[in-house]
Amino acid sequence: MDLSVKDIYRPLTFDEAVAAFSDEPSMLPIAGGTDISVQMRAGKFAGAHLLDLSGVLPRSISADGGFIEIGAGATMDEIADSGPLRSVCPALCQAARKVGAWPIQCRATLGGNLANASPAADTAPPLLVADALVVAAGQGGLRNIEAEDFFAGPGENTLKPGELIHSIRLPVTDPPSFSRFTKLGWQREQIISVVSLSISLHLNDQGLVTKAAAALGAVAATPKRAPSVEAVLVGHSLDPAAISRAVEAVQNDITPIDDIRAPAWYRRVAAATLVERMLEEASGA
Amino acid sequence: MTKIQPPLGGSHRRPDAMAKATGQTRYVGDLALPGMLHAAIAVSDRASARVLNFDVASARRMPGVEAVVTADEIPGDNQVGVIFPDQPLLVTDRVRMVGDRLALVAARTPEEAWDAARAISPAYEDQPGVFDPEKALDETSPTLHGTDNLLHTFQVLRGQTDPDHLDADVIVEAHYEIGGQDHAYLEPQACLAVPEGDRITISASCQCPFYIQQAVARVLAIPLASVRVEQAPTGGAFGGKEDYPSEPAACAAMLAWRTRRPVRLLYSREFDLQVTTKRHAMVVQHRWGADKNGRLVFAEVEAVLDCGAYAGLSTVVAERANVSAIGPYAVPNIMVRTRIAYTNNLFGGAYRGFGAPQVSFAAEATMDTLAHRLGMDPLEFRRINLVTPSDPLTCTDQPLAAPQMAQACLDRAVKDSEEHQIAPRAPDSWRRGRGISLALYGINLHRGGQFLDRSSAVVILQPDASVIVRVGLTEMGQGNLAAVQTVTAAALGIQPDKVQVWQPDTTTVADSGPTVASRGSHSSGRAVLDAIERLRRRLDPIAAELLGCRPEDVELADSCARVSGGGPSVPLIDVTREMAARRIETISTGWYRSKPRVFDEATGMGEPYASYAMACHVVDVAVDPDLGLVRVEHVAAAHDVGRVLHRTAAEGQVEGGVVQAMGWALTEELKLDQGRLLNPSFTDYLIPTSDDAPPVTVALLEDAPGRGPFGSKGLGEPAFIPTAAAIRNAVCAALDVEINRLPLTPPVIVRALAGNHRFKHLME
Ligand SMILES: Cc1cc2nc3c(=O)[nH]c(=O)nc-3n(C[C@H](O)[C@H](O)[C@H](O)COP(=O)(O)OP(=O)(O)OC[C@H]3O[C@@H](n4cnc5c(N)ncnc54)[C@H](O)[C@@H]3O)c2cc1C
């Protein structure tokens, strides 16, 4: 593909990348390029100065105190296959395995998926549910952004000019008893979510929900948490009554629109169905 | 000559497979010449407007731009309509569709060319457009050409046709809204034009080099002989490269002629999706009646094709739709009316099945609905009404040579479906349903297009007993090279790897018409057999001399010439060496043309096709009753193929047809807003992935010989036709609903369940 870029700057270290980007925030960072190249074809970013992060982004997945730190450059394939992640946050691994199809998963990075800030970004719901921190790197060093504060609108995030995503930190001191991700589209692979959902639950010995987190994608301007669902679950067992309250509650958490992929009413039906099915699965588990 | 011998029916490696799989095949996008320029097309972004003025001077000054061409610079006709002269190459005063061409640009890089093309934006005065084909036929609608939007009407009138007298015990009325479809060929439109003095060579991804030759000669006002068109390796076509490639080729040729440099034109996927032809969207109204014993009494069909802004091939598509509206059923009273409406929507054109899939969808859906109203099993209801040897007439009163094949295909597909152990791929909670659909397919071109139905071949026998073959019909991925190679090898009794088949070029073979209507192996194979027969008038006497027998007793088999009936033999290479030594002419041409037929266009009675093929698909689906997702779990496809030429190629046609039709049935939706495509990319125009493709059990029935080489019948289109209706019938059976539209996207299915859906309160 011929893309019209002005030039490409390829730093040798991540620090060099941060320094260059702080000096020149109009540069366009590129990691796996799977979003950017599509957007460029559509005519965006003509004449861009690319900042090539591909060789310098942290990409390891490592335990660090009460956290697992995932380098922004970790690919979906690496995330899906990561043993530590699979044991503490299976939902994220499931989501990573649902991004596009395998060839895309081998290029697409976690940092890129978040920075691109699509309402349908598949890794967003599990990260929201896990109370993840997005670690941003800028001139002044590193700062943490709560995942919930990270998304600002379709294609908009709260990174400051000149900031890069360094890594994502998942608190793992208290892993949930149940953690799932699911997405809905007209096909099984290579499909942008029409609705996506992640739920994590902490259940005590009596089967009561002590902590609940839920988040959805493609039902609002950003991926978002579902506080009403969470509220109706906590303190209850996952009996049919609780499940049907959650199914109703989710409607208060979403503001879907009609778009090219599906009408708003369908997304409402789908959100209800996915919440119900996931909780039914959790109740059986 | 018609003896069945290897490699007929086998699965030797397709001759083009290795080069394609290893990336050696050079598609047009891989070709570059020194000094080559890149073409782009400035197009309208409105569907209906007057062009007040447009200025190309600033585009001419843009970086890299070498030429900008407008209508007044065309030396010949500013016209690319294939049948009707209604479509200018470049518009001057009025645009009728999004994508109408305003000007052509040649520049040093593709980006510069497209940037300049996009910068050309005329002052428009928007005009009211018409986007609904039925409304387009109202007298009050704005018109696209002339005084109304009705391009043409076709009819079939059989038996009692006065609607007031058509009555029956059970009557079904149904209204079908059937969406269009993009061809989604892997390789978008592409061509390269190279000028050379007073002549020009075009390499194009296409289905008919001869159409391009004619279009370029017409636009440049030069003789046909001055235009050489080479068939480039073609990455899929499905009808989308029948007539349409003449348009980009004429554009590239214009620019090459003007700049005197090679010019290459490649469409991006997005551009291709918006501007090229599509399967026609259709609206079909049915009123069908049956008696209480389950016999069809009458069938009334009113079909309207959405033609888009220009006629293109719409009349010939409608012609096939018209006589395909009833399917393989014996119905005494028939009234079919098929109308074509101009609209400002996407441009309708040729697409695998050529109008038949839409009307077959309606017919097979109505068959199910009628069966339900009668309280009969849809399978039994079909059995009762199929054409049979005692009732062998098609809806046009044409006797079928092998009507029993309808029943044979039905029985075989049902059996294969029942015997196949489905490994369920969808969860148990999904509902299951089975659907049946048949097709009666008229092989080869309709009577109306019969003037195109001829085919040329050239065979050159080499001194080492290998053979070069050229035919006028093209390889576009469907396997014509393999088919022609097989026919040649079988006819000469040699190994297939001794036969090299080359793509057509207008300087090496005569006009053979388009590679369409499932006529490729039929017409080119017959032409090759003719060439071989003529060659043998020179070969057999030499062989006879070497064998010491009469020329009429020479037989070719096992790479030898031998005395028929098991006498002595000599290696064929001895014969070809002897022919070379004696300087005997070893090049031979062959020709095929179909016999004239009788057909009355006013009543639709007669012989629209020379012969027919039957097909039946039985589909098992699983449907998510809450979300409307559909998983096709298995397809049993039985086809009346006459004779298998190349087995894996034939099976591949069926599997590909099934998957392509599944996309049309379930997910492929051309979303339009005022003629503009809202989803012009594969992100949102959803063709099935390999993970969605169902297992297909293919049965190729060889009981009724056809008129193709060795008794074969066309298969490319029948492979597509029955699937969508079978899927629809299966989905409706699974959910116990009636849905009369395509595609069956999840929202359509959920909406159809509305009253029974658990979350119906959310659907307001
Ligand atoms: C065929 C296909 C299928 C797809 N399917 C899916 C899908 O199912 N689900 C889904 O969610 N997405 C999907 N995508 C989108 C895309 O693959 C993902 O969003 C991917 O994770 C983006 O990562 P990347 O490294 O390729 O990002 P890039 O394209 O390199 O960058 C994306 C954006 O992030 C910015 N960026 C990248 N890295 C950083 C960083 N470290 N710091 C700051 N900014 C940064 C870039 O400037 C750019 O704006 C698909 C894409 C394709 C082409």
**Request:** Report, to two decimal places, the Cα Rg of chain B normalised by 2.2 N^0.38 Å (N = number of residues).
**Result:** 0.98
**Complete:** In whole angstrom, largest first, the equivalent ellipsoid semi-axes that the Cα gyration tensor gives for segment A:178-283 are 25, 13, 11
**Prompt:** In terms of Cα to Cα distance under 25 Å, which lysines are near enough to A:K160, apart from those fewer than 8 places away along the same chain?
**Reply:** A:K6, A:K44, A:K224
**Complete:** Quick calc: nm separation of the 7 Å Cα→Cβ label points for A:D205 and A:S62 -> 3.9
**Radius of gyration and Dmax over the Cα atoms of segment A:61-171, both given in Å** = 12.8, 37
**Asked** Against the longest alpha carbon principal axis of chain A, how many degrees, from 0 to 90 and to the nearest 10, is the axis of helix A:240-253 turned?
**Response** 40
**Prompt:** Sorted from fewest to most neighbouring beta carbons within 10 Å, what does the list B:S48, B:S681 look like?
**Reply:** B:S681, B:S48
**Prompt:** If the label point is 7 Å along Cα→Cβ of B:H165, which residues in segment B:382-415 have backbone nitrogen under 12 Å from it?
**Reply:** none
**Message:** Give the residue list of GluC sites (Glu not before Pro) in segment B:545-623 that are DSSP loop and have at most 16 other beta-carbon atoms within 10 angstrom.
**Reply:** B:E585, B:E601
**Request:** Rank these for me by crowding, B:C208, A:C106, going from fewest to most other beta carbons within 10 Å.
**Result:** A:C106, B:C208
**Complete:** Per the 1/(1 + (r/R0)^6) rule, R0 = 35 Å and r from the Cβ atoms of B:D198 and B:R583, FRET efficiency to 0.05 is 0.50
**Message:** Expected output is a single nm value to one decimal: the length gained when fully extending between B:R432 and B:D45, i.e. 0.36 nm times separation in residues minus the C-alpha distance. What is it?
**Reply:** 134.9 nm
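Which helices, taking whole DSSP H runs in chain B, have alpha carbons extending 20 angstrom or more along the helix axis plus mean Kyte-Doolittle at least -0.5? Provide the component values of the computation, followed by the final result.
Details: long enough: B:356-374 (26 Å, 0.18); B:404-419 (22 Å, -0.78); B:525-547 (29 Å, 0.04); B:647-666 (28 Å, 0.19).
Once both thresholds are applied, what remains is B:356-374, B:525-547, B:647-666.
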**Complete:** Relative contact order in percent for segment A:61-171 (Cα pairs under 8 Å, 6+ apart) equals 29
**Request:** Under 12 Å Cα to Cα from B:K671, which aspartates and glutamates show up? Leave out anything in the same chain fewer than 8 places away.
**Result:** A:D259, B:D182, B:D684
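Is segment B:19-64 best put as rounded, prolate or oblate by its Cα gyration tensor, with a ≥ b ≥ c the root eigenvalues, rounded for a/c under 1.5, and otherwise prolate when a/b is larger than b/c, oblate when not?
oblate
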**Asked** Restricting attention to segment A:28-69, which trypsin sites (Lys or Arg not before Pro) occupy a DSSP loop and are surrounded by at most 13 other Cβ atoms within 10 Å?
**Response** A:K44
**Fill in**
Reduced to Cα centres, the span from segment B:680-748 to segment B:281-350 in Å works out to 19
**Complete:** Square roots of five times the C-alpha gyration tensor eigenvalues of the protein assembly as shown, ordered largest first and given in whole Å, equal 51, 37, 31
**Complete:** Isolated cysteines for the protein assembly as shown, Cβ-Cβ cutoff 4.7 Å, are A:C89, A:C93, A:C106, B:C191, B:C206, B:C208, B:C251, B:C307, B:C395, B:C549, B:C560, B:C732
**Length-normalised contact order of segment A:5-52 in % [C-alpha pairs under 8 Å, at least 6 apart]** = 65
**Complete:** Contour minus Cα-Cα span, B:A57 to B:T508, at 0.36 nm per residue, comes to 158.1 nm
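Remind me, relative contact order of chain B in percent, using alpha carbon pairs under 8 angstrom and six or more residues apart?
16
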**Request:** Identify the trypsin sites (Lys or Arg not before Pro) of segment B:223-302 meeting these criteria: DSSP loop state and at most 14 other C-beta atoms within 10 Å of the C-beta.
**Result:** B:R260, B:K292
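Read the figures in this text as sums done on the coordinates, not as results from a lab. Since we're looking at a predicted model, the values are computed, not measured. Reconstructed Cβ throughout: ideal geometry from the backbone, glycine too, with neighbour counts over all protein chains shown.
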